[in-house]
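Here's the structure, in structure tokens; my notes come after.
Every number here is computed from the coordinates shown, using simple stated rules; none is lab data. All figures in this text were calculated on a predicted structure; none of them were measured in a lab. Here the Cβ is made from the backbone with ideal geometry for all residues, glycine too, and neighbour counts use every protein chain on show.
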Amino acid sequence: MWDEGLYGGTTEYRVLRATSPRGPYADVSGAILGNGSATYEFVDPARGADVSDYFYRIETVDAATNAANSTSLLVKVHLAFAVGLNLLGMPVDLTDPTFGDLVAGRAWADAWTYDACSGGFGWSSAIPSDASTFALPKGRGFWLNGTAADSMTLVGLLPGVSQVRLCAGWNLIALRGFASGVTVQSVKASTGASLVMGFDPAGPYHVRSLSDADVLAPGAGYWIEVPVGVTWTLAGW
């Protein structure tokens, strides 16, 4: 049988960990024998409360000792925010996309996001005292009003190739993933965007037009105007 593109069937798994999506990765689990179980589990001790960022891959080994890595990463990263307005973005596919769960216990006063593809009003908002909050899918940008410098912990998945759907008009989006060197010029070339705007604490509406040479940052939010709907495809890391 084939497993992760290898012949002979999986005989063992290994969990690899790094502090950067591009590695280097180290084996932190040792061999987890492929014994036919429906599921396998590995707990990385003390990493849940660790303030460091971690990226995990699964390595499979077949009967012929060929090895292959998973095409997606499991991610645990921290997204920091400052006092006052922040324009942030969701870089990963969250295990739980409910915004209220993501920021529970954090220092914030209100937050809102915009979905250009919703077909309706588009805006959604949240406050700490209201249990009814919006979902925050991967690739979505959002505004957050912080009451103190703080951070939220993001836990989710990231594929090697990421896609963000843009609809005609303005879109509030994020760089999905942790790709480096993604310039405004490359975004325009990939999507046909006419304008890309980023955060500016002093500018009108707290945004400014970005130059073609500006580089998009993981975890930041952006406004992108496109003339027609398009799917933006880019590397996840």
Checklist outcome for this item: Cα convex hull volume per residue for the chain, in Å³, equals 154 Å³
Checklist outcome for this item: Fewest to most Cβ atoms within 10 Å: VAL61, VAL92 sort as VAL61, VAL92
Item to check | Within a Gaussian network of the chain (alpha carbon springs, distance under 10 Å), most fluctuating of PRO137, PRO227, PRO97 | outcome: PRO227
Item to check | Amide N proximity, the stretch 72-114 versus SER209 label position 7 Å along Cα-to-Cβ, cut-off under 17 Å | outcome: none
Next on the checklist: I want to check the label-to-label distance for LEU33 and ASN145. Put each point 7 Å from Cα in the C-beta direction and report it in nm to one decimal.
Outcome noted: 5.9 nm
Checklist outcome for this item: Residues other than ARG176 with Cβ under 11 Å of its Cβ, Lys/Arg counted +1 and Asp/Glu -1, net out at +2
Next on the checklist: Please report the net charge: other residues with Cβ closer than 15 Å to the Cβ of GLN163, K and R +1, D and E -1.
Outcome noted: +3
Checklist entry - Can you list the chymotrypsin sites (Phe, Trp or Tyr not before Pro) in the stretch 120-192 that are in a DSSP coil and have 14 or fewer other beta carbons within 10 angstrom? => result PHE121
Checklist outcome for this item: Diffing the stretch 169-183: the Karplus 3J(HN,Hα) column from phi (6.51, -1.76, 1.60, θ = phi - 60°), in whole Hz with x for Gly and Pro, holds x, 8, 10, 9, 10, 9, 5, 6, x, 10, 5, 9, x, 7, 8
Next on the checklist: Please compute the contact order of the chain in relative form: average sequence separation of alpha-carbon pairs under 8 Å and at least six residues apart, divided by the residue count, as a percent.
Outcome noted: 20 percent
